[in-house]
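First the structure, in the form of structure tokens, and then the observations on it.
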Amino acid sequence: MNHLRRATALTMACLAIAATAFAQETKIKRADLPPAVEKTVADASKGATIKGFSKEMEHGKTTYEVELVVNGHSKDVEIDSTGAIVEVEEEVALSSLPPSVAAGLNAKAAGGKILKVESLTKNGKLVAYEAKVEASGKKHEIQVGPDGKPLDHEE
């Protein structure tokens with residue numbers, strides 16, 4: 001019986017650790033934002049429509065995301081608890097991409113239909129382009145670097 005208790009306790013501990021390793025996103029209200037985050041949101045959302053807010057805990061760090069619509073396209077801004085912008089995902093028109101990026105995305109889409117393209121900027125630097133693709137009735141995401149070439153790892 002003692003072994004069973006230990007095994008159960010060990011299993012529960014492993015599950016708890018695994019649960020905290022994965023991102024846990026929850027919808028929140030603007031009033032729930034810390035003051036530093038609120039200040040950044042106020043600056044980032046000038047001239048935009050705010051669609052919503054979320055809070056995410058990943059690897060022991062909390063970040064906040066504001067979903068915006070700017071001039072008819074989506075823009076998601078991820079902000080850390082100090083108010084610093086961590087990541088920006090902004091919708092871009094496929095026709096506005098540099099030719100090398102459009103070619104790279106089309107190659108990775110492998111005949112699938114590109115539904116939406118976003119630029120990914122981390123810590124102020126463009127790191128990738130991400131596209132939502134539909135192929136054989138299923139949707140998935142692909143990424144290429146700012147030069148249109150495949151990435152060593154997903155951003």
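The values are calculated or read from the model by the stated rules, or taken from the named source; none is laboratory data. Since the structure is predicted, the reported quantities are computational estimates derived from the model, not experimental observations. Every residue, glycine as well, gets a Cβ built from its backbone with ideal geometry; the counts of neighbours run over all protein chains shown.
Filter segment 43-61 for residues that are assigned to a strand (DSSP E or B), modelled with pLDDT under 95 and either closer than 19 Å to Ala31 by Cβ or not charged (D, E, K, R) (or both) and give the result.
If the condition is that a residue be assigned to a strand (DSSP E or B), modelled with pLDDT under 95 and either closer than 19 Å to Ala31 by Cβ or not charged (D, E, K, R) (or both), then Met57 is the only one that fits.
If you check Val144, Val77, Val117, Val133 for being farther than 27 Å from Lys51 by Cα and among the aliphatic types (A, V, I, L, M), only one passes: Val144.
Candidates in segment 136-155 are the residues that are in a strand (DSSP E or B) and not basic (Lys, Arg); of these, the one that is nearest to Ala102 (Cα to Cα) is Val144. Of everything listed in (1) at pLDDT below 95; (2) within 19 Å of Val37 (Cα to Cα), the single unmet condition for Tyr64 is (1). Within segment 123-137, the set of residues being modelled with pLDDT of 95 or more and either surrounded by 10 or more Cβ atoms within 10 Å (Cβ to Cβ) or among the small types (Gly, Ala, Ser) (or both) comprises Leu126, Val127, Ala128, Tyr129, Glu130, Ala131, Lys132, Val133, Glu134.
Can you confirm whether Val101 is surrounded by 15 or more Cβ atoms within 10 Å (Cβ to Cβ), more than 26 Å from Val144 (Cβ to Cβ) and at pLDDT 95 or above?
Answer is no for this residue.
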